[in-house]
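Following: one structure in structure tokens, then a few remarks.
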Amino acid sequence: MHSSSDGPRRPTSSERTSRSPRTEVIAVIHACITTQLAKGSGHEVAADTPLIQNGYLTSLEAVELVMFLGEKFGIEIDPEEVNEHNFRSISSIATLVERKLEAE
């Protein structure tokens, strides 16, 4: 059994889909942003949509997204990595997540 003191749990291989890792990361981020963060906006958010510039991602929502990504992927995003470059779009966030996963 997984306890909260063990840190975030990574999905097992049986929990992952047949999609490529990047496609899966983008899908997870897209779902979080469109269902939790940009809810009610009525706009479709593409992988290259500027999130901060278009008002889809505030600083508070960025913190919520960092927490979600840490839990979902078992990664730790440092405060200095939460910047406009890394959080510009779903695609740039996916690149950050991939770098973190590769570093482990």
May I ask you to list the GluC sites (Glu not before Pro) in the range 40-91 that are in a DSSP loop and have at most 15 other Cβ atoms within 10 Å of their Cβ? Glu44, Glu76, Glu84
Please compute the contact order of the range 19-104 in relative form: average sequence separation of alpha-carbon pairs under 8 Å and at least six residues apart, divided by the residue count, as a percent. 38
Which residues in the range 48-74 have a backbone N closer than 18 Å to a point placed 7 Å from the Cα of Gln36 along the Cα-to-Cβ line? 51-52, 56-74
What does the convex hull of the Cα atoms of the range 18-103 come to per residue, in Å³, rounded to a whole number? 91
If each of Glu84 and His43 carries a label point 7 Å out from its Cα toward its Cβ, how far apart are those two points in nm? 1.7
Which order do His30, His85 fall in if you start with the one that has the fewest other Cβ atoms within 10 Å? His85, His30
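Quick note: the coordinates plus some simple rules give every number you see, no bench work behind them. Predicted, not measured: the structure shown is a model, and the values here were computed from it. No Cβ is skipped: glycine too gets one built from the backbone with ideal geometry, and neighbour counts run over all protein chains shown.
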